[in-house]
Amino acid sequence: MSDQPRRPRTSGKPYRRPKKDPVRILAFEALRAVDERDAYANLVLPPLLRKAREKEGPENFDARDAALATELVYGTLRRQGTYDAVLSACVDRPLGEVDPPVLDVLSLGAHQLLGTRIPTHAAVSATVELARVVLGDGRAKFVNAVLRKVAQHDLDGWLERVAPPYDDDPEDHLAVVHSHPRWVVSALWDSLGGGRAGIEDLLRADNERPEVTLVARPGRATTEELLEEDAAVPGHWSPYAVRLTEGGEPGAVAAVRDGRAGVQDEGSQLVALALAGAPLDGPDRRWLDGCAGPGGKAALLGALAAQRGALLVASEKQTHRAGLVARALEGNPGPYQVIAADGTRPAWRPGSFDRVLVDVPCTGLGALRRRPEARWRRRPEDLEGFAPLQRGLLRTALESVRVGGVVGYATCSPHLAETRAVVADVLKQYPDTELLDARPLLPGVPDLGEGPDVQLWPHLHGTDAMYLALIRRTG
């Protein structure tokens with residue numbers, strides 16, 4: 001029997017093996033992991049990129065290939081809502097009836113056609129070739145037919161066809177044009193306080209690729225050292241921040257490899273700095289990070305505490321995340337302790353600490369630039385699931401701080417149900433508290449609102465949408 005593949009019976013043309021494109025195959029594998037395993041692209045991509053470099057060799061998979069693969073994955077995830085609306089107009093059945101792997105290939109093709117500068121012919125042919133490799137010839141024909149319809153218009157042309165007019169349905173218009181679920185658009189709009197320009201600027205910022213931001217951990221590294229890296233510039237607001245403007249690889253930075261510096265959004269840095277700078281009544285010897293995993297804020301807090309001779313206790317409920325915290329704090333210049341404990345069932349006596357930070361679990365709607373797939377996974381009902389935990393952690397924090405001490409309540413979500421509503425509800429139970437004005441503790445940062453709490457925004461500050469309220473125990 002011959003080892004040669006047979007020709008398809010319905011074609012007079014000789015059979016041609018599909019050409020494997022490692023960049024697009026990698027992008028497809030990443031999207032399948034996100035879809036099938038609820039994985040996050042920022043966790044899936046690095047090992048896939050390493051594997052591709054090892055398999056193909058640096059001459060066949062270089063930095064430009066890695067950059068293209070990254071853009072294909074993140075761009076497709078960010079614009080998924082828009083591309084779904086376009087593909088719905090090009091497919092003769094509901095998208096829910098299209099096999100998920102086929103839909104991933106179609107979305108990759110749509111992004112190349114509508115969201116990149118790849119020429120139309122190259123975008124269609126490369127995606128059809130990918131389909132032949134991962135789906136087979138039959139479904140590749142379907143992909144080809146659909147993408148040829150997509151290619152008939154550019155993005156603006158399609159948005160005129162598939163997005164409802166703004167005046168008829170503002171939220172649905174913004175949802176389609178800017179690729180966010182309608183309920184997220186509504187929630188963000190409420191948090192901003194109205195106005196079309198602000199919400200459009202925010203939604204656009206959510207769809208932009210964020211810069212990599214490093215933190216020089218005090219006493220262990222300096223910004224001057226980090227600024228020696230290629231394309232490194234100072235941060236916007238934090239004195240410890242350095243931005244890699246060309247999407248540099250943090251693992252290539254010696255201070256990051258050594259743990260003396262880390263990758264940390266400037267919003268997270270500002271939260272830690274504000275808590276550390278809040279005025280206290282009395283001693284300043286014991287600090288607590290009550291939700292410490294994976295350890296970024298704990299590492300910065302530990303370094304700041306060390307400068308004052310204070311002890312940091314970093315508590316994290318999940319054992320494996322507590323291990324990440326310990327790794328981040330390893331080499332801290334001052335005393336620290338990492339424990340695996342439930343923040344709502346404290347392993348310490350009430351009033352044990354002078355400063356307490358609780359960066360509570362949340363929907364993550366403030367970090368959609370970095371985790372674009374989160375916008376499609378979250379549902380409004382998720383808010384109800386987080387609410388008891390957020391309130392419980394803040395109550396524990398208030399009970400853990402001594403009279404005269406300060407609690408920082410932080411979350412990476414601007415949703416009012418996770419920010420001001422939580423603080424207002426809990427403080428009703430604790431009349432011997434006062435909200436501090438957090439704005440002076442973020443010197444130089446503009447557009448901080450009326451206070452006393454602070455909400456950061458991607459479109460205004462170039463940070464994740466971190467929220468911070470500072471609370472002092474008065475009795």
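The values are calculated or read from the model by the stated rules, or taken from the named source; none is laboratory data. All figures in this text were calculated on a predicted structure; none of them were measured in a lab. Cβ placement follows ideal geometry from the backbone for every residue including glycine, while neighbour counts extend to all protein chains displayed. Quick note on the areas: whole protein, heavy atoms, side chains included, nothing else; ligands and nucleic acids left out. Shrake-Rupley method; radii C 1.70, N 1.55, O 1.52, S 1.80 Å.
The single residue among Ala465, Ala410, Ala417 that is part of a strand (DSSP E or B), of a type in the set (A, V, I, L, M, F, W, C) and either open to solvent by less than 10 Å² (accessible area, probe 1.4 Å) or touching a residue at least 12 places away in the same chain (Cβ under 8 Å) (or both) turns out to be Ala410.
Cβ separations smaller than 9 Å between residues 6+ apart or across chains give the following pairs from segment 288-305 residues that are closer than 20 Å to Arg345 by Cβ to residues that are in a helix (DSSP H, G or I) and of a type in the set (S, T, N, Q): Leu288/Ser400; Gly290/Thr396; Gly290/Ser400.
Every residue, every condition in (1) modelled with pLDDT of 95 or more; (2) not in a strand (DSSP E or B), yes or no:
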| residue | (1), (2) |
| --- | --- |
| Gly262 | yes, no |
| Gly267 | yes, yes |
| Leu270 | yes, yes |
| Leu275 | yes, yes |
| Gly282 | no, yes |
| Trp287 | yes, no |
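The C-beta contact set for segment 123-137 (first residue over 14 Å from Pro101 (Cα atoms), second residue open to solvent by 20 Å² or more (accessible area, probe 1.4 Å) and at pLDDT below 95, distance under 6 angstrom, 6+ apart or interchain) comprises Glu129/Pro18; Glu129/Lys19.
Exactly one residue out of Pro164, Pro170 is surrounded by 14 or more Cβ atoms within 10 Å (Cβ to Cβ) and touching an Asp or Glu at 6+ places or on another chain (Cβ under 6 Å), and it is Pro164. In this structure, does Asp382 turn out to be closer than 24 Å to Val212 by Cβ, free of Cβ contacts under 8 Å to residues at least 24 places away in the same chain and open to solvent by 30 Å² or more (accessible area, probe 1.4 Å)? In short, no. Considered as a group, the residues in segment 152-175 that are charged (D, E, K, R), assigned to a helix (DSSP H, G or I) and out of contact with any Phe, Trp or Tyr (no Cβ under 8 Å at 6 or more places or on another chain) include one that is farthest from Glu200 (Cα to Cα), and that residue is Arg161.
Any idea which of Val406, Val401, Val360 is closer than 20 Å to Ala187 by Cβ and at pLDDT 95 or above?
Working: Val406 fails: closer than 20 Å to Ala187 by Cβ; Val401 fails: closer than 20 Å to Ala187 by Cβ.
Only one candidate passes the filter, namely Val360.
Remark: pairs (first residue in segment 441-457, open to solvent by 20 Å² or more (accessible area, probe 1.4 Å); second residue modelled with pLDDT under 95; Cβ separation under 8 Å; 6+ apart in sequence or on different chains) = Gln455/Gly449.
Looking at Asp92, Asp21, Asp84 in this structure, which one is under 25 Å from Val146 (Cβ atoms), open to solvent by less than 80 Å² (accessible area, probe 1.4 Å) and modelled with pLDDT under 95?
Within the list Asp92, Asp21, Asp84, the selection yields Asp21.
The set of residues in segment 342-375 that are more than 13 Å from Leu288 (Cα to Cα), of a type in the set (Lys, Arg) and open to solvent by less than 30 Å² (accessible area, probe 1.4 Å) comprises Arg369, Arg375. The set of residues in segment 184-210 being touching a residue at least 40 places away in the same chain (Cβ under 8 Å) and open to solvent by 60 Å² or more (accessible area, probe 1.4 Å) consists of Asp190, Asp201, Arg204, Glu208, Arg209. From Asp201, Asp265, Asp230, which residue is within 18 Å of Cys412 (Cβ to Cβ) and among the acidic types (Asp, Glu)? Going through Asp201, Asp265, Asp230 in turn, the sole match is Asp265.
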